[in-house]
């Protein structure tokens, strides 16, 4: 085997791992990783939106337009939080249907 062929073969990951840095070895762990990422990023966005809505509400100084806008921010943040809970619940249902274990942190 030539040196170039050896280097190319060494650079290609083995067939049993999709990404060795994350430990994703099958479709279940990939699905868990993606849904965990969506939930974590979404939770960060919800917290920022809640904070912005509350700050806007406090600093509105009785202005009706600013108060309504702040209320919309908080409402959208709560709806987003409910959506994130739905993602978590749907993932649990999918795992129970396919018979996978419920260890959602194992990826």
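Structure notes:
- Condition check for residue 87: touching a residue at least 40 places away in the same chain (Cβ under 8 Å) and in contact with a helix residue (DSSP H, G or I) (Cβ under 9 Å, 6 or more places away or on another chain): yes
- Residue satisfying condition, being at pLDDT below 85 and touching a strand residue (DSSP E or B) at 6+ places or on another chain (Cβ under 9 Å), within set 107, 6, 95: 107
- Only one of 48, 65, 34, 87 that is out of contact with any strand residue (DSSP E or B) (no Cβ under 7 Å at 6 or more places or on another chain), at pLDDT 95 or above and assigned to a helix (DSSP H, G or I): 48
- Condition check for residue 86: within 30 Å of residue 27 (Cβ to Cβ) and surrounded by 10 or more Cβ atoms within 10 Å (Cβ to Cβ): yes
The values are calculated or read from the model by the stated rules, or taken from the named source; none is laboratory data. This structure is a prediction, so every number in the text was calculated from the model and none was measured. So basically every Cβ, Gly included, is an ideal-geometry build from the backbone, and we count neighbours across all protein chains shown.
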